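Here it is, the structure in full.
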Amino acid sequence: GETLGWVGTSMGVGFLLAPLLGGVVYEKAGYYAVYYMAFALIAIDIILRLALVEKKIAVQWTEPERSCDDPIIQPRDSSGSVTLDTGDEEKRMAADLSARRPDLSATNGHATRRASRLPPVLTLLTSRRLLTALWGCVVQGSLMTAFDSVVPLFVQDTFGWNSTGAGLIFLAVTIPSFISPFLGYLSDTYGPRWLTVFGFLFAIPFWILLRLVTHDTLSQKVLFCALLALIGVGLAFVLPPLMAEITYAVEAKERERPGRFGKTGAYASAYGLFIAAFATGTLIGPVWSGYVRDDAGWGTMSWTLGLFSFAGAVPCALWTGGNLYGRKSEEVIEDSGGDKEMRVAASTINDPEVAIPENTRSLEKTRPEESAPARAQDDSADEIKQTRK
């Protein structure tokens, strides 16, 4: 979450800083200079991508190579006998434990085989958590870019500002995005659900209050900048938790049936869906705000965007981080060996996003029934003792 917070900061700064730079460069250097700047940024991006060293390539240079002729020295105890390394001992114990446990995939092998033939993208789209995160990204991208088509024209008509002033006003929305790494840390600590919901709901009144900015006075300009900054704070609360939630959703699907996505996993597919969802939002936002402002006015545009923010908050409250109404408990269940116990954190026992083994559910249901014969046997033993006396 914290790492993705830095990613969210860069995305927010990029989307909201573009109008600022475009307005200033257009005012000072003319029309074509804006495109020269864009081509220069693309060239820098290409150079940085070529200079990037992927992890699988870096491992070849960072891991020391050991020759086959090098002797393997095992630690010895005081008596001179060879002792096993702690790591090897832990691996051996883990292997023994996994060998004793039943193959949970055998209980629903047909479904596992069927799911493994599906492309990762289709499998991911069956997750309500991921769909909710993608919907939140659509809403957040729409709200973030809704300013692009209306704010420059609004400040020109209302305040008489030129392209430089129209670009500088975006600083009010951009600056709050620098708290995204801290919000990512909070997402790791407390979960993404309520941070996302808070961000959407926090921005709603300020979207609606934009309708109060109607004429050219100093107080109106200050009010406009303050409202934009507060909306920026709300938007900053949304993106880092949603990006982290995409990772959590992929991990939940992997835990449901380990190995279903193969050796490489499905993170690239999941974030490909994220990019598609966010791009959809960047298409909806400017079109929505532009059409509504032209047809119904600035005030109607502001409250409809506030309503759209509420539409993003409701699904995130219900399904971000798992089903909101999932039963939270913790059960202690004996495994098949009978001499081990494992704790199943059943915070989502009723949530299909987190798979709980079927033998776990059956043991949970049968445990109260097994205690009745045991109590009857104890009562019979007590009666026999009393009869003998």
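The values are calculated or read from the model by the stated rules, or taken from the named source; none is laboratory data. Just so it is clear, the structure is predicted and the values come from calculations on it, not from any experiment. Using ideal geometry, Cβ is built from the backbone for each residue, glycine included, and neighbour counts are taken over all protein chains shown. Calculation scope for accessible area: heavy atoms of the full protein, side chains included, ligands and nucleic acids excluded. Shrake-Rupley method; radii C 1.70, N 1.55, O 1.52, S 1.80 Å.
Roll a 1.4 Å probe over the protein heavy atoms and report the accessible area of Glu256 in Å², nearest 10.
For Glu256, the solvent-accessible surface is approximately 50 Å².
Next question. So for the pair Val287, Asp157, with labels modelled 7 Å out along Cα→Cβ, what separation do we get in nm?
2.1 nm
What three numbers, in Å, describe the spread of the alpha carbons of region 216-336 along their principal axes, ordered from the longest?
Cα spread of region 216-336 along its principal axes, largest to smallest: 75, 32, 23 Å.
Separate question: Can you check how the C-alpha radius of gyration of region 200-268 compares to 2.2 N^0.38 Å, as a plain ratio?
1.87
Convert each backbone phi in region 274-284 into a coupling constant with the Karplus relation 6.51 cos²θ - 1.76 cosθ + 1.60 (shift: θ = phi - 60°), then list the ³J(HN,Hα) values in order as whole Hz, x for Gly and Pro.
Calculated HN-Hα couplings, in order: 4, 4, 5, 5, 5, 5, 4, x, 5, 7, 5 Hz.
Pull out the extension gain between Ile47 and His215, defined as 0.36 nm times the separation in residues minus the alpha carbon to alpha carbon distance; nm, one decimal.
Here the segment from Ile47 to His215 would lengthen by 55.8 nm.
Taking θ as phi - 60°, what are the ³J(HN,Hα) couplings along region 178-184 by the Karplus curve (6.51, -1.76, 1.60), each to the nearest whole Hz, with x for Gly and Pro?
With the stated coefficients, region 178-184 comes to 6, 8, 4, x, 5, 5, x Hz.
Whole-Hz ³J(HN,Hα) for each residue in region 168-175, computed from phi via Karplus 6.51 cos²θ - 1.76 cosθ + 1.60 with θ = phi - 60°, x for glycine and proline: what do you get?
Taking θ as phi minus 60°, the curve returns 5, 5, 6, 4, 5, 8, 6, 4 Hz for region 168-175.
Less than 14 Å Cβ to Cβ from Val150, Lys/Arg counted +1 and Asp/Glu -1: what total charge do the surrounding residues give?
So the environment of Val150 carries a net charge of -2.
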